[in-house]
1. Pull out all pairs, ordered by first then second residue, where Cβ-Cβ is under 8 Å, the residues are six or more apart or on different chains, the first lies in the stretch 305-322 and is under 22 Å from I6 (Cα atoms), and the second is polar (S, T, N, Q) and surrounded by 13 or more Cβ atoms within 10 Å (Cβ to Cβ).
2. As an exercise: evaluate D414 against (1) open to solvent by 60 Å² or more (accessible area, probe 1.4 Å); (2) within 16 Å of the chain's Cα centre (by Cα); (3) acidic (D, E) and give the number of the one condition it does not meet.
3. Would you mind finding the one in F417, F404, F408 that is modelled with pLDDT of 95 or more and either more than 25 Å from A179 (Cβ to Cβ) or in a helix (DSSP H, G or I) (or both)?
4. Which residues, counting only those in the stretch 92-107, are surrounded by fewer than 24 Cβ atoms within 10 Å (Cβ to Cβ) and among the aliphatic types (A, V, I, L, M)?
5. Determine the pairs where a residue that is outside the structural domain of S159 (by the TED database) and assigned to a helix (DSSP H, G or I), located within the stretch 368-379, has a partner that is among the β-branched types (V, I, T) and at pLDDT 95 or above with Cβ atoms under 8 Å apart, the partner being 6 or more residues away or on another chain.
6. Looking at the stretch 239-257, I want the residues that are in a helix (DSSP H, G or I) and have a partner that is of a type in the set (S, T, Y) with Cβ atoms under 7 Å, at least 6 apart or on another chain. Which pairs are those?
7. When you check A262 against the structure, is it within 23 Å of the chain's Cα centre (by Cα), at pLDDT 85 or above, aliphatic (A, V, I, L, M) and buried (at least 19 other Cβ atoms within 10 Å of the Cβ), yes or no?
Amino acid sequence: MDSLQIGIVGIIFALGFILLRIPIGVSLGLVSIVGIAMLTSWDVSLSLITSTPYNFVGQWELSAAPMFLLMGYLCTTTNLTNGIFKFLQMLLYKIPGGLAISSVIACALFSAASGSSVATSGAMSKIAIPEMLKRGYNPSLATSTVAAAGTLGSLIPPSVILVLYGVYANVSIGQLFMAGVLPGLLTAFLFIAMIWLRCRHNPRLYGVDQNEKYSMQEIMQGFLHIWPLPTLIAFVIGGIFFGLFSPTEAGAIGSVVTLFIAALKRTLSLNAIKEAIKDTAYSTASIFLIMIGSLFFTKFLALSGVPEAFTHFILSINQEQWWVVLSVIILYLFLGMFIDSIGILLLTLPILLPLVEAANLNLIWFGILVTKMLEVGLVTPPVGLNVYVIKATVPGDIPLQTIFRGVFWFILCDMVFLLLIYCFPEIVTYLPSIMRT
């Protein structure tokens with residue numbers, strides 16, 4: 001076999017191992033080590049094992065990931081995220097589909113603290129879905145709202161996905177964070193508008209809301225309970241935007257501020273800190289293992305010539321940017337049916353980045369496009385991870401088909417989003433262009 005054939009066979013084997021549920025980092029690493037040995041020699045291949053992981057993981061930019069993970073887990077274990085949904089419920093109870101709209105906004109706020117789509121969906125499913133079902137909401141609307149809105153954790157900063165993309169594509173993580181703000185808000189707006197229009201057209205979707213009335217005093221008490229979380233988010237994102245600190249420093253400072261706020265609210269405990277540190281260590285180790293495997297995979301593909309061949313193939317059909325973007329969207333829609341988001345990201349970037357550069361696409365804009373497609377993959381069948389999280393945590397026996405049917409409406413909103421950022425790229429690029437560095 002020639003080099004290109006070895007590369008293609010390697011990709012097939014890597015996908016096969018991943019579909020067999022062998023850990024992604026292990027799958028990519030094993031295929032790469034054997035592939036590099038076939039392309040060069042076993043001495044070259046084995047020598048990479050001794051130096052590459054240390055040099056890669058030692059990059060300063062990567063430390064932003066565990067810092068933001070720690071901040072998010074501390075927010076959860078010290079209960080700073082509690083009360084968000086109840087407060088929004090008091091504000092929006094008169095609006096058709098108000099509880100579902102409250103769920104979208106609560107997921108957006110929770111996402112900005114946790115940076116994890118799965119964590120957002122899991123947490124909100126235990127709070128929002130039972131409340132909606134109790135009020136007579138259509139099960140498909142109730143479950144799909146939280147499944148889809150939970151994906152905002154990938155786009156709204158701080159996002160672990162954006163950190164990994166920034167390190168891999170060698171672009172500013174701070175600029176990526178700012179690039180995700182307006183698209184994240186736009187996605188939330190599209191979800192809210194769709195829910196409101198559907199519920200206004202068909203009141204049976206949201207049952208009969210109880211005629212609750214909340215006094216201004218109750219609303220103010222609710223705000224006093226939840227103010228720390230939006231304050232923390234504004235502090236972290238504002239600090240990055242105005243150049244007061246780097247993304248890594250923002251995560252570290254955010255973690256310290258979280259501890260301080262939790263101490264003021266008297267929700268801080270030694271057990272909460274231990275739990276947050278344990279979860280952070282586990283998540284960080286899992287992500288770094290995948291990245292190390294991906295790094296080996298990048299070197300293997302570079303030696304095989306697959307990225308260049310893929311670029312020539314796509315551009316030989318059509319060299320217009322719209323065709324390149326459409327090809328990426330189709331690829332991610334397909335892979336999103338079978339593989340989790342981080343796996344897709346690190347599996348495809350070695351192949352796609354040369355194509356993006358050849359098509360003269362803005363790397364920051366492309367990062368937001370990729371992140372949105374990863375969000376879509378979290379809710380598309382048959383392996384929509386967020387949907388399975390909802391299925392596992394929701395009370396009662398709601399079929400997967402019911403949840404996926406409701407998610408279809410949110411995927412339509414995502415397609416509208418993709419069209420908007422393609423036609424108006426300033427939605428993504430404006431904030432990074434004016435931020436202070």
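The values are calculated or read from the model by the stated rules, or taken from the named source; none is laboratory data. It should be emphasised that the depicted structure is a prediction, and the values quoted were computed from it without experimental measurement. Positions of Cβ are backbone-derived with ideal geometry, glycine not excepted, and every protein chain shown enters the neighbour counts. Calculation scope for accessible area: heavy atoms of the full protein, side chains included, ligands and nucleic acids excluded. Shrake-Rupley method; radii C 1.70, N 1.55, O 1.52, S 1.80 Å.
1. That search, which allows pairs on different chains as well, returns G305/S3; I314/S327.
2. (1)
3. On the way: F404 fails: modelled with pLDDT of 95 or more; F408 fails: modelled with pLDDT of 95 or more.
The conditions single out F417.
4. Within the stretch 92-107, L92, I95, I105 qualify.
5. Within 8 Å, no pair qualifies.
6. Pairs found: T248/S63.
7. Working: within 23 Å of the chain's Cα centre (by Cα): no; at pLDDT 85 or above: yes; aliphatic (A, V, I, L, M): yes; buried (at least 19 other Cβ atoms within 10 Å of the Cβ): yes.
When the stated conditions are applied, A262 does not pass them.
Conditions tested, residue by residue: (1) without any contact (Cβ under 8 Å) to a residue 60 or more places away in the chain; (2) of a type outside the set (D, E); (3) closer than 24 Å to S121 by Cβ.
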{"site": "T145", "(1), (2), (3)": "no, yes, yes"}
{"site": "T151", "(1), (2), (3)": "no, yes, yes"}
{"site": "A179", "(1), (2), (3)": "no, yes, yes"}
{"site": "L182", "(1), (2), (3)": "no, yes, yes"}
{"site": "A188", "(1), (2), (3)": "no, yes, yes"}
{"site": "H201", "(1), (2), (3)": "yes, yes, no"}
{"site": "E218", "(1), (2), (3)": "no, no, no"}
{"site": "L229", "(1), (2), (3)": "no, yes, yes"}
{"site": "I233", "(1), (2), (3)": "no, yes, yes"}
